[in-house]
Structures are given as structure tokens and as C-alpha cells.
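In what follows, a single structure is set out as C-alpha cells and then discussed.
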Amino acid sequence: MNKKDLFRTKSIEDIIKESPDDSHKLKRTLGSFNLVTLGIGAIIGAGIFSLTGLAAANYSGPAVTISFIIAGIGCAFAGLCYAEFASMLPKAGSAYTYSFATMGEFIAWIIGWDLVLEYAVGAATVAISWSRYLSKLFHFYNINFPAQLMMSPFESITVDGEVIHGIINLPAVFITVLMSLILIRGTQESAKLNNIIVALKVTVVLAFIILGWSYINPDNYVPYIPENTGKFENFGWTGVFTGAAVVFFAFIGFDAVSTAAQEAKNPQKDMPWGILGSLAICTILYVLFAHVMTGLESYKAFAGEAAPVARAIENTPYKFFQQLIIIAILAGYCSVILVLLLGQSRVFYSMSRDGLLPPIFSSLHPKFKTPWKSNILFAIFVGLFAAFVPVTVVGEMTSIGTLFAFILVCIGVLILRKKRPDAPRAFRTPWVPFVPVMGIGVCLYMMYALPVDTWIRLVIWMAIGLVIYFIYGRKHSKI
Ligand code: ALA
């Protein structure tokens, strides 16, 4: 095997020139507004509504706001690098395509395979959280759906002293299949649904901030950074940084905008807006949301609390808001699943167009022009994860996979500035090499903060990917 072949790159010019025939062409329907809402649709979800309380209670205290700022800055470094690439190589493959242009086929394969963890496994994570909030809504209305059918076999709950073990998480499967069907129907239709959901969830987040603000109890902010307990990540500054790694999940999704590049009307100009605009809006909302939440209730009260937002609302006169927020959360999670599944099918579409994956992944529906077979296969794959795997396992796999992709995109910008300083870029990452190097550093730190088990799973997933690459991808590569 020729080692040089493994690292053969595709030139920027060739990638830009590539134009699929009509039966493989995605439709260009998205403007800058839709790209920003697509980003927000993917970003605001399980992270802010479930992890804020957990990070405050276990690691950061009220300083979870600082954790959000740190994670947001880390994502901004990576986001700026994504924006340069997305304006330069507006292709559905996103980080996969950027790596192909800079580090060659082998690394591109690794990153394409790794993105399954971010997009497909990420969608499974949010589907499982969706099921949890659904059971809360059922609870409000005294609807009794068997708990065994709402949990994976590795989870259990205690009801009236009786331990109930899960069998399958059916609601998580249901929502995965439903979102896949909407995606098959068309990107524009999906974007319309996404816009409605984004309007709803942003309204609810703003309402929480505005209504909650006057009920903040300043005593809850003392001490703002609780003293470290002697254990590395238990409060103090080390806790604040670990909290940043935990809430990082809440930011995942802004990069999914880049996978819609081939469906954007004016990708060179609009991609940076979509990526950086959605990230900036969500960072501001997150910090304010976390500030109000930890001001309404002592961070200690969030320990082990399954619905921390509802708990915080109890300290306001707006109890009705508890049900409303659960409904908004349920709708909000749908758009996260939708955009992550969209991103997944688009990355595999690009890999399949390059011959690294079978043609089934780039075969488009004759009428809807969406990769429907790929959508169906991923509905099954994600559905299986959502049905049978516990949420912590899939959540941490999503974070490690995403961080790995961000690091490679930052490295890619450094390489391309050296190799092709002249290539036209509609958007340039500022302060290179500072920004990409910081992006790499912050993401590496957050990866380091994840448990060893997650690292082992990452290695196993990558090993499976390598086997597939050497059995199929390498032999069928069109490069
Ligand atoms: N950022 C997305 C969420 O928090 C993945 O649900």
C-alpha cells in the first residue's frame, strides 16, 4: 500500500468545481436567516435545560455562568475556523471536506466517521432526553405510560418503593423516526418547521430570563465560586473549568450549519453568519439563563434534580410556566434532532459521492431531492441507540466526537494558511495562529476532562471505522 495515497488531498479548486448531476444535486433553498435559525435549532436543547443545574450542583455553583462563557469562547475559536472553511469550501461534507483539502483522504475518513458521534449519536442523546421530559409531561396530566417502555435496559427508577427496570425507550425511537420522515420530505419543509420551533424555544428562554429576573435572591450568589472541596473538580476554579466541559454539550450544533452549505443560496457570504450568528445569540442567552436559574434557587438544590428548570420556577409566582416550559423543551428538542440528523446525512452524502461509502448514501429521492435512503438507515441506527443505550454514555460520546472534529478543523486552518495563503476566502479567521491554536488547546482540555470510558469508546469506534475504510473506502475511492 502506498503511504502517499493515504494522504492524497483534493485541491480546493477541484472541490469547488465538483458539481453533481441533476439526480444527485441538493436544492439551494436556505438564506442567511434560515441558516442562523438552523444553528439555533441545533444548539438550544438538552444541554441548557438539563445540564445547567447538574454543572452548577456538582462543579461550578453559581459560577456556571463562567463555565458557559469559557465553553462559549472555546466554541467561538472553533466556530471562527469553521466559518473560514465554510465560506471557502461550501460543501455538505463540512469538516470531512475541509480535512480532505488539507490533510488528505485518510484523515478525512477519520473525521467523517467521527462526525457520526456528533450528529447521529448526538441525535440519540437528545431523543433520550426528549423521552424523559415526555414522561414528566405525562406525569402532570396523570397519564400512565409503562415506565419499562420509556427507558433503556441499563436504567431503572423507583416508584413507591418498587424498582422498575427499563426494556426499551419507545418514545425516543418514535421521535427519531418522526424527525427522519420530515427530513425526507424536504430541506425547505424541515427549515420551516425548525423556524417555528426556534421561535417557540427562544421565546420561552427569554420569558424565563425576563420573568425570573425580579425574583432572583442575591443570597444564592454567595459564594459565587464555592470553595474547592479538596477534590480536583469539586468547585473552585478547577470546578468551573470542568463545568465548562460538561456544558460544552449545550453548544454542539452550530457547526451543523456548515453541512447545509450545498443547500444555501449564497454560501460564501451566509455561512459565516449562520455559524457565528447562531453561536453568539445562544451564548448570550445561555449566560443570562444560567444567571437567572442559579439566582432563583441555591445551586445545591439542583443536585439529583431531574427537572432543574421547573425547580427554579417554583420560586416565582409563575407556576403555570412549568408546564409551558416542558412543552417548549419537547418541541425544542425536536429541532435539535432534526438538524443533527440533517447534518449526519449530508456528511455521508459527501463521503459517498467521493466513493468512500456505498452509493446508497448519496442516492436522492426523485421528487424531494433529499438523501432519503440514508435518512432511513440513520433512523434505524439512531433509533437503536436511543432505544437501548443510557443517556450518559451517548452524551459523552457526542462531546468527545465533536471536540475531536473541532480540533481537526482548527489544525486544518493552520495548514491551509501555510499551503494555500493565496486561495480566495470570503471570511478569514482573525488572529491566526492564535485563534486556531487556542481552539485546539481549549478543546483538548475539554476532551481531557471526559471520563476514561469515553476515550475507550472513541478508540473502539475509530477502530471499526478503520476496518471499514480499508475493506471498502480505499478500494472504491474516486480520487
Ligand atoms: N446543543 C444541543 C443540545 O444541547 C446538542 O441539545
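Readers should treat all values here as calculations from the given coordinates under stated rules, not as data from a laboratory. Since this is a predicted model, take the numbers as computed values, not measurements. Counting neighbours? That spans all protein chains shown, and the Cβs are built from the backbone with ideal geometry, glycine included.
Could you tell me which of Ile157, Leu384, Phe470 has its Cα farthest along the dipole of region 46-476 towards the positive end, charges placed at Cβ (Lys, Arg +1; Asp, Glu -1), taken about the Cα centre?
Positive-end residue among those listed: Phe470.
Write out the chymotrypsin sites (Phe, Trp or Tyr not before Pro) in region 320-365 meeting two conditions: DSSP loop, and at most 11 other Cβ atoms within 10 Å of their Cβ.
Details: sites: Phe320, Phe321, Tyr333, Phe348, Tyr349, Phe361; in loops: none.
Qualifying residues, ordered by number: none.
So for region 46-476, what are the equivalent ellipsoid semi-axes in whole Å, largest first, each being the square root of 5 times an eigenvalue of the Cα gyration tensor?
Working: eigenvalues 230, 134, 84 Å².
The answer is 34, 26, 21 Å, longest axis first.
Compute the projected area of the convex hull of the Cα atoms of region 264-344, averaged over all viewing directions, and report it in nm² to one decimal place.
Projected over every direction and averaged, the Cα hull of region 264-344 covers 7.2 nm².
Taking each full run of DSSP H in the chain as one helix, which ones are at least 20 Å long along their axis (Cα atoms) and have mean Kyte-Doolittle hydropathy of at least -0.5? Each step should come with its number before you reach the end.
Working: long enough: 64-88 (36 Å, 1.68); 122-140 (28 Å, 0.53); 170-185 (23 Å, 2.25); 187-213 (38 Å, 1.22); 278-296 (27 Å, 1.91); 320-353 (51 Å, 1.42); 372-388 (24 Å, 1.64); 391-419 (42 Å, 1.59); 434-448 (21 Å, 1.79); 452-468 (25 Å, 1.82).
Helices meeting the criterion: 64-88, 122-140, 170-185, 187-213, 278-296, 320-353, 372-388, 391-419, 434-448, 452-468.
Place the peptides 47-59, 258-270, 122-134 in order of packing, highest mean first, counting for every residue the other Cβ atoms within 10 Å and averaging per peptide. Walk me through the numbers on the way to the answer.
Details: 47-59: 25.3, 258-270: 23.2, 122-134: 28.8.
Going by the mean number of other Cβ atoms within 10 Å, highest first, we get 122-134, 47-59, 258-270.
Rounded to a whole number of µm²/s, how large is the Stokes-Einstein D of region 120-213 at 25 °C and 0.890 mPa s, given Rh as the Kirkwood radius over C-alpha pairs? It would help to have the intermediate numbers written out before the result.
Values: Rh = 15.5 Å.
Result for D is 159 µm²/s.
Only helical DSSP H runs with n ≥ 4 go in: add -39500 (n - 2.57) per run for the chain, normalise by residue count and round the 222 nm mean residue ellipticity to 500 deg cm²/dmol.
Numbers: 19 runs with 288 residues, N = 479.
Helix contribution divided over all residues of the chain: -19500 deg cm²/dmol.
Place the peptides 368-376, 90-98 in order of packing, highest mean first, counting for every residue the other Cβ atoms within 10 Å and averaging per peptide. If you can, show how the numbers build up before the last one.
Values: 368-376: 21.3, 90-98: 27.8.
Descending mean neighbour count gives 90-98, 368-376.
So which lysines can Lys269 reach, going by Cα to Cα under 19 Å and dropping same-chain residues fewer than 8 places off?
Lys17, Lys27, Lys91
Compute from the Cα atoms of region 1-153 the Rg and the Dmax, the latter being the longest Cα-Cα distance, and quote both in angstrom.
20.8, 65
Can you give the Rg to Rh ratio for region 404-474, taking only C-alpha atoms and Rh from Kirkwood? Spell out each step's value before the answer.
Values: Rg = 15.9 Å, Rh = 14.5 Å.
Radius of gyration relative to Kirkwood radius: 1.10.
Using only C-alpha atoms and all pairs of different ones, pull out the Kirkwood radius for region 213-255 in Å with one decimal.
On the way: mean 1/r = 0.0817 Å⁻¹.
Over region 213-255, the inverse of the mean reciprocal pair distance is 12.2 Å.
Take the Cβ-Cβ distance between Ile167 and Asn234 as r, set R0 to 30 Å, and report the resulting FRET efficiency rounded to the nearest 0.05.
Working: r = 36 Å, r/R0 = 1.19.
That pair, Ile167 with Asn234, gives E of 0.25.
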